[in-house]
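The values are calculated or read from the model by the stated rules, or taken from the named source; none is laboratory data. The structure displayed is predicted, hence computed values, not measured ones. Note that we place each Cβ from the backbone using ideal geometry, even for glycine, and neighbour counts take in every protein chain shown. Heads up: the accessible areas ignore ligands, DNA and RNA and are worked out on the full protein's heavy atoms, side chains in. Shrake-Rupley method; radii C 1.70, N 1.55, O 1.52, S 1.80 Å.
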Amino acid sequence: MGRGERIVLLADMNAFYASVEQALDPALRKQPVIVCGDPERRHGIVLAASYEAKALGVKTGMPVSRAKELCPAARLVRPRMSTYVQVSVRIIDILKQFSPQVEPFSIDEAFVEMTGCEALFGDGLTAARRIQHRIHSETGIHCSIGIGPNKLLAKMAAGLKKPRGLTLLTRQDVPKRLWPLPVIQLFGVGSRMERHFHRMGIRTIGDLARTDPALLHHRFGVIGRVLHQSAHGMDNSPVDPFSLDGSKSIGHQFTLPRDYTEEGELRLVLRELAEEVAGRARKAGYTGRTLSLTLKGSDFRSIHRSLTMPDPSNLGRPLFRTAMELFHRHWTGQPIRLVGITLGNLLPDRGIQLTLFEEKEKEQKLAEAVDGIREKFGTRSIFLARSLSGASVFADRSEKIGGHLM
């Protein structure tokens, strides 16, 4: 890259979930591995596939039944999200040993600003090789790394060669290496924007780069000009180590093992989800004022409704009460296949506001005791007695979250 240009890396863990499983279990190495939900409980979607499985046509988002047709010898593995998060945190810690400016982009990707670190770790390519080696030697995970003068080109470079790629992309490389690619491959272009571009005769990144930016601004507003600049490899956004600090919401949704039609069944699921979301909020150090409820019917039509609570909370009972209020207002009795709860309008947790007629302090201490037990003995060590019923999703949720340490 030219003198005075930034050096930005994007580290992309290859087939991350499947790679973690292979790293933890030697019997899975060099075998086709598919991380997926349980087809018997309607979670039969491929979440990740090892490169041995990908070579046979298995793709993320594919129904497990189709994946098994393509790859009958595949080893099916249930996801363990807590384990993947722990490995991701370890990888971020490794990256921070190369630069203080590390921006997690997703659970398996992170930007690293290496500008000014050349005297310690060499140029971009040299630093990237060292990072690849450290990550693999300490976690068993292979990664592809893109190197560029900005985040956009580093991201695009990382996608040009997988697995275990190491790709440098400069502004001068853009016409030759990026412009021939389909426009959908430009970061920031989704399927909907792709359809708009196709109707305008824009099919490649080069077509977009050659389009009048004024026309793009007229059609799509600011995003049109931004994508035009992206097609030319232009991006001034900083690597922000604090990008995740301003969390806007904490939530979870769950596909039920069958269509639930009884209020009692749905009431139990909402209680379990409220407790889970509340626990995650406490762990992250937040309370929230607004609770949102999602219900998806058996016809795949969804209802999303929100309600602001009188006081911010990260306790299961207030979240559950609010969820039930929304549920009674908006459930028409149709069969439900998916339920979700999200806590928004987050605020730093600065303790509870005591009232005369509520035992909030007692409830807070109880929640903290439950958190402590689960932290020490695992998610399934303590739970609501009613979660022993057949309608419960707690056991399936805790198994999916996992409790294994690397």
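Could you report segment 1-102's accessible area per residue, 1.4 Å probe, as an integer in Å²?
Working: 4750 Å² over 102 residues.
For segment 1-102, the per-residue accessible area is 47 Å².
Find the relative contact order for segment 286-349 and round it to a whole percent, using C-alpha pairs within less than 8 Å whose residues are 6+ positions apart. The partial results should precede the final answer.
On the way: 110 pairs, mean separation 34.0, N = 64.
The value is 53 percent.
Using alpha carbons only, what's the Rg to Rh ratio of segment 121-252 with Rh from Kirkwood?
Checking Rg against Rh, the ratio lands at 1.03.
Please report, in debye to the nearest 20, how large the charge dipole of segment 153-252 is about its Cα centre when each Lys and Arg carries +1 at its beta carbon and each Asp and Glu carries -1 there.
Numbers: 15 positive and 7 negative charges, 77 e Å.
Using only the charged Cβ atoms, the result is roughly 360 debye.
Taking all protein chains as present, what is the carbon and sulfur share of the accessible area of segment 22-149, in % to the nearest whole number, probe 1.4 Å? Don't skip to the answer; put the middle values down first.
Details: 3250 of 5880 Å².
Answer for segment 22-149: carbon and sulfur cover 55 percent of the accessible area.
Considering only protein heavy atoms, with the full assembly of protein chains and a 1.4 angstrom probe, order Met81, Met309 by accessible area, largest first. Each step should come with its number before you reach the end.
Working: Met81 60, Met309 10 Å².
Reading off the accessible areas and sorting them downward yields Met81, Met309.
Using label points projected 7 Å from each Cα along Cα→Cβ, tell me how many nm separate Arg203 and Asp311, to one decimal.
Computed distance between label sites Arg203 and Asp311 equals 6.3 nm.
Rounding to the nearest 20 debye, state how big the charge dipole of segment 164-218 is about its Cα centre with +1 on each Lys and Arg Cβ and -1 on each Asp and Glu Cβ.
Here segment 164-218 has a charge dipole of around 160 debye.
How big is segment 24-87 along each principal axis, measuring the range of its Cα positions in Å and listing the largest first?
31, 28, 16
With θ set to phi - 60° and the Karplus curve 6.51 cos²θ - 1.76 cosθ + 1.60, what are the ³J(HN,Hα) couplings of segment 325-332 in order, to the nearest whole Hz, using x for Gly and Pro?
4, 5, 4, 5, 6, 10, 7, 9
How many lysine pairs in segment 51-202, separated by 8 or more positions in sequence or lying on different chains, have Cα atoms less than 23 Å apart?
Close lysine pairs found across segment 51-202: 16.
Short version: ³J(HN,Hα) in whole Hz for each residue of segment 117-125, in order, from phi by Karplus 6.51 cos²θ - 1.76 cosθ + 1.60 (θ = phi - 60°), x for Gly and Pro, what are they?
Whole-Hz 3J(HN,Hα) from phi for segment 117-125: 9, 4, 5, 8, 10, x, 6, x, 5.
With an 8 Å cut-off on Cα pairs and a minimum separation of 6 or more residues, tell me the relative contact order of segment 151-297 in percent.
Averaging sequence separation for qualifying contacts and normalising by length gives 19 percent for segment 151-297.
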